[in-house]
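Read through the structure below, which is laid out as structure tokens, and then see the notes.
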Amino acid sequence: MRPPLPPNPRRGFTLIELLVVIAIIAVLVGLLLPAVQKVREAAARAKCANNLKQLALALHHHHDANGFLPNTVVTTTPDLPVGYSWTHKVLPYIEKGALAGRYDPTLAWNAGGNDTLARGRVPTFECPSDPVTALDAGTYPTNDYLPVDQIGLGLTSFIDAATNASKAGIMPPVGQEPRPTFGRVSDGLAGTLLLVESVGRPVLWVGNRPSPLPPAARPDYTGTPNAEGGWARPRSAAARFFGSTLDGLKPGNACAVNCVNLYIPDSGDLNAGRSYAPFGLHTGGLNAALGDGSVQFVRASVGVRQFARLITRGAGEVGTLD
């Protein structure tokens, strides 16, 4: 007769033990994910700041080589289909000289060979935190960094009288000054904005989320789908500061940055005088380059009065980023 087999010392997990293990793993993942997201956002913010630094230095190199800054837009026709923006003029200084050499300023920005160039991405123009970089196959790659050419109308009760009287930024609108220079910045380069983030185009963003407006409600000026914000598009070359309500729906109000990326005129017609706004998708604010080439973080809590002081180049006031 065979002796009885010894009991099997191995056994599997009980259901309760398995559930406990799963619960522990879930808790650990829940604790780890926010930390990973914070690291990713910190990396994106740093990359974005580096892009701004490169563009600010490119503008300084252009100034050194030519004696003046590029205009935000140079055009040969009043309605801007033919011409080029400042982005074309800095291409040689961000190692894209070959791209600049192939652009034909006698054609519209999206005509002929220019259209092919305009559909090519220039990574230095793109903030990693912008989720619309590759919206779809028909989208023109965007430029997320813009000069604030001037302070818009409607902010009289929110800003200093001196600021309101001298609205121009370092790179004022085309027609006001053919060849702007750093020498005209009497407020000091270290206290005057050169470039700010304006991300999310061609989608309209209100706060930290895209607007529910359908694409048909936000066509661009030329009627070209998804061209809004294209880096080669002259009309996408500059921001203008109006401020807005916190919900982003009414310009000329107390919210300075990160309220909306495209000011909506009171008429509700997005084609009626709309302008790009200082807007970033970083937690708590946006990156900005100052006239001296330094890059600073502008907190979303900055007031309209303080931010307007940073825009004007010769109003005699002092702006801070606090």
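Taking G314 as the residue in question, decide whether it is surrounded by fewer than 24 Cβ atoms within 10 Å (Cβ to Cβ), in contact with a Leu (Cβ under 7 Å, 6 or more places away or on another chain) and over 14 Å from V257 (Cβ atoms). Spelling it out, it is not the case that G314 is surrounded by fewer than 24 Cβ atoms within 10 Å (Cβ to Cβ), in contact with a Leu (Cβ under 7 Å, 6 or more places away or on another chain) and over 14 Å from V257 (Cβ atoms).
Scanning segment 81-92 for residues that are part of a strand (DSSP E or B) and touching a residue at least 60 places away in the same chain (Cβ under 8 Å), we see that the one that is nearest to V148 (Cα to Cα) is S85.
When R235 is tested against the conditions (1) in a loop (DSSP other than H, G, I, E, B); (2) modelled with pLDDT under 85; (3) of a type outside the set (S, T, N, Q), the lone failure is (1). Residues of segment 291-309 that are at pLDDT below 95 and of a type in the set (F, W, Y): F307 alone.
Give me the residue from segment 38-75 that is hydrophobic (A, V, I, L, M, F, W, C) and within 15 Å of the chain's Cα centre (by Cα) and, out of that set, surrounded by the fewest Cβ atoms within 10 Å (Cβ to Cβ). Looking at residues that are hydrophobic (A, V, I, L, M, F, W, C) and within 15 Å of the chain's Cα centre (by Cα), I get A46. Within segment 274-282, none of the residues are out of contact with any strand residue (DSSP E or B) (no Cβ under 6 Å at 6 or more places or on another chain) and modelled with pLDDT under 90. The number of residues in segment 93-145 that are in contact with a Lys or Arg (Cβ under 7 Å, 6 or more places away or on another chain), farther than 21 Å from S211 by Cα, at pLDDT 90 or above and not in a helix (DSSP H, G or I) comes to 1. Name every residue in segment 240-259 that is within 15 Å of the chain's Cα centre (by Cα), of a type outside the set (F, W, Y) and either at pLDDT 90 or above or in a loop (DSSP other than H, G, I, E, B) (or both), in order of residue number. Passing the criteria: A256, V257, N258, C259. When S186 is tested against (1) in a helix (DSSP H, G or I); (2) surrounded by fewer than 20 Cβ atoms within 10 Å (Cβ to Cβ); (3) touching a residue at least 12 places away in the same chain (Cβ under 8 Å), only condition (1) is not met.
The values are calculated or read from the model by the stated rules, or taken from the named source; none is laboratory data. Since this is a predicted model, take the numbers as computed values, not measurements. Here the Cβ is made from the backbone with ideal geometry for all residues, glycine too, and neighbour counts use every protein chain on show.
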